[in-house]
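See below for the structure under consideration.
Each value in this text was obtained by applying a stated rule to the coordinates, not by laboratory testing. Here the structure is a predicted model, which means the values were calculated and not measured. So basically every Cβ, Gly included, is an ideal-geometry build from the backbone, and we count neighbours across all protein chains shown.
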Amino acid sequence: MHQDRAVEQADCQWYLYLIQTASGVLYTGITTDVPRRLAEHSCGRGAKALRGRGPLTVVFQSPAGDRASALRVEYRVKQLSRLKKLAIVKQQPSSINDWLIQSDRH
């Protein structure tokens with residue numbers, strides 16, 4: 001990665017997103033640009049887990065802070081059960097961080 005882009009990505013807003021495949025599988029990722037990342041996944045340049053699984057739909061996205069924070073949130077969401085991920089999709093919380101804190105209390 002070009003050094004200027006690396007500095008730029010470290011400083012900008014990162015997002016956690018959930019993509020649903022045609023068969024209903026949920027994929028969790030992070031990016032600085034959700035529409036661009038969906039386009040990459042859709043044309044086979046993204047995660048191998050999504051290749052040939054289209055059409056793909058972004059079913060949830062939320063700001064997740066800087067890259068380090070986004071990586072931590074992504075890890076936590078990936079550890080959740082499918083039912084909890086579906087709850088995120090249904091509830092569409094404005095802050096995934098707040099939702100995770102609230103879910104830890106239950």
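Summary of values
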item	result
Extension gain, VAL89 back to VAL25 (0.36 nm per residue minus Cα-Cα distance, nm)	21.8 nm
Ranked by how many other beta carbons lie within 10 Å on average, peptides 49-58, 34-43 from highest	34-43, 49-58
Rg in Å to one decimal, and Dmax rounded to a whole Å, for the chain via C-alpha atoms	13.9, 43
